[in-house]
Amino acid sequence: MADADTRSHSVNLGALKRVDPYAVEIVETGTQVAIYKFNSQSNEWEKTDVEGTLFLYARSGDPRHGFVVMNRLSTENLVEPITRDLEIQLQAPFLLYKNAKLSITGVWFYEESECTRIAQKLEALVKGETQRRRSNVAQEKSNVDIMSLLTKAGQEYEQVGLTFAHLKKNGRNYLSLFRMESHQFQCPRPAVLM
């Protein structure tokens, strides 16, 4: 039985990779779902032509996760990246979500337990994506701060005409700062480098 599950998993992952070549692992599966779209003008839900198996999966690219409904009714699948902008609401057997494009979609699950399990996993992945993005932004901000400091130092260097010299005296390394003024050097006390 385990061999049949392994083969089925391999076949499903292979089919998933045809839809998203960056797919690396199936995280959760919803065996039978149907997709509904919310029409804000008529204030009603409209059933789409997308029904099939939902795969929640890990990706090797950014974003790190996504889900797809492999459509049994046509070749048009529903593919949704999991980003920090994804808003999820569980109303079992429906999983409602709003994506970055502000599109509101309802996923109806035949098995209510699958709906609850996948909603919990999706919420955890969105939270993880939000935390990952925050740490990336903080890292980028610290890089920008360092770069702005280096840029400022370079500008001051050019304005003042300072020159650094590396000296070695009595087996010790020294870094001296010189000011160039009409071919004369003014040398403050050298700093010792370890």
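The values are calculated or read from the model by the stated rules, or taken from the named source; none is laboratory data. Just so we're clear, the structure is a prediction, and the values are computed from it rather than from any experiment. Note that each Cβ is placed from the backbone with ideal geometry, even for glycine, and that neighbours are counted across all protein chains shown.
Numbers for the structure displayed
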| quantity | calculated |
| --- | --- |
| Members of the range 35-47 that are surrounded by fewer than 18 Cβ atoms within 10 Å (Cβ to Cβ), part of a strand (DSSP E or B) and touching a residue at least 24 places away in the same chain (Cβ under 8 Å) | LYS37, PHE38, TRP45 |
| Residue identified as more than 20 Å from SER113 (Cα to Cα) and either in contact with a Cys (Cβ under 7 Å, 6 or more places away or on another chain) or hydrophobic (A, V, I, L, M, F, W, C) (or both) among ALA34, ALA15 | ALA15 |
| From the options VAL107, VAL68, residue that is more than 23 Å from SER10 (Cα to Cα), of a type in the set (A, V, I, L, M) and buried (at least 17 other Cβ atoms within 10 Å of the Cβ) | VAL107 |
| Number of positions in the range 8-23 that are surrounded by 15 or more Cβ atoms within 10 Å (Cβ to Cβ) and under 22 Å from GLN120 (Cβ atoms) | 3 |
| Conditions (1) in a helix (DSSP H, G or I); (2) at pLDDT 95 or above; (3) not aliphatic (A, V, I, L, M): number failed by GLU28 | (1) |
| Strands (runs of 3 or more DSSP E) wholly inside the range 50-110 that include at least 1 residues being among the charged types (D, E, K, R) and in contact with an Asp or Glu (Cβ under 7 Å, 6 or more places away or on another chain) | 94-98 |
| Selection count where residues are surrounded by 15 or more Cβ atoms within 10 Å (Cβ to Cβ) and either among the polar types (S, T, N, Q) or over 20 Å from GLY61 (Cβ atoms) (or both), scope the range 24-34 | 4 |
| Any chance PRO81 is at pLDDT below 95 and under 19 Å from the mean Cα position of the chain (by Cα) | no |
| Of all residues making up the range 48-63, the number that are under 20 Å from THR130 (Cα atoms) and either surrounded by fewer than 14 Cβ atoms within 10 Å (Cβ to Cβ) or in contact with a helix residue (DSSP H, G or I) (Cβ under 7 Å, 6 or more places away or on another chain) (or both) | 6 |
| Any pair with Cβ under 6 angstrom, 6 or more apart, that starts in the range 104-116 at a residue that is free of Cβ contacts under 8 Å to residues at least 24 places away in the same chain and ends at one that is aromatic (Phe, Trp, Tyr) and crowded, with 16+ Cβ neighbours inside 10 Å | none |
